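Please treat every number below as a calculation from the coordinates, not as lab data. Values in this document were obtained by computation on a predicted structure and should not be read as measured data. Backbone-built Cβ (ideal geometry, glycine too); neighbour counts: all protein chains shown.
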Amino acid sequence: MTHITKKELEKLKKELETRTTKTRQEIAEMMRTAKDQGDLSENAEYFEARENQWENDNRINELQQIISEAEIVEERRGGGKIDVGSTVKLKSASGIVVFTIVSPEGVDLDKKMISFQSPLGQALMGKKTSDEIEITAPKGKIKYKIIEVK
């Protein structure tokens, strides 16, 4: 079972729709173009199209499984306990950081979206404003104080 927010589930469904329609059509066109060039045994474009087809089909299967096993969790709004969907402001010795807790499928480190299954995500789950946590990272132990939960 995969815990996921409604927003993340809709994003995955949209990706699945795109991959099963548009992306498959684009790959089929690439394969037709490559086949029209003749001998397939040494046709790099054909092999690239086949690789793209394989990757796309694998992602489609993965998305179908995630969607079929999805359990919707409500995004939390307010200063209560940290859960999936919470945005958390933390203070450590190196400064202040803000993260949003998401399902593993919603992770986007560039946008500071971390999984509830990550070491930091696990340590934060269920905590509230003013709580302190400590995690072990590759650089050693890091202490955080929870400043705000939204």
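A few notes on this one:
- Pair Ile72, Phe47: separation of 7 Å Cα→Cβ label points (nm): 4.7
- Degrees, to the nearest 10: 24-36 long Cα axis against longest axis of the chain: 30
- Projected label points at Gln122 and Val98, each 7 Å from Cα along the beta carbon direction, are separated by 2.8 nanometres.
- Under 12 Å from a label point set 7 Å out along the Cα-to-Cβ vector of Leu109, the amide N atoms of the range 125-150 belong to 138.
- Comparing mean-square fluctuations of Ala123, Ala44, Ala34 from a GNM of the chain with C-alpha springs under 10 Å, the top value falls on Ala44.
- Under a Gaussian network description of the chain, with springs only between Cα atoms under 10 Å, the residue in Gly80, Gly106, Gly121 that fluctuates furthest is Gly80.
- Annotation for Trp54 and Glu10: the two label points, set 7 Å from Cα along the Cα-Cβ direction, are 3.6 nm apart.
- Of interest is the spacing of the C-alpha centroids, which for the range 14-61 and the range 97-147 amounts to 38 Å.
- Gaussian network model of the chain, springs between alpha carbon atoms under 10 Å - residue of Glu132, Glu105, Glu45 with greatest fluctuation: Glu45
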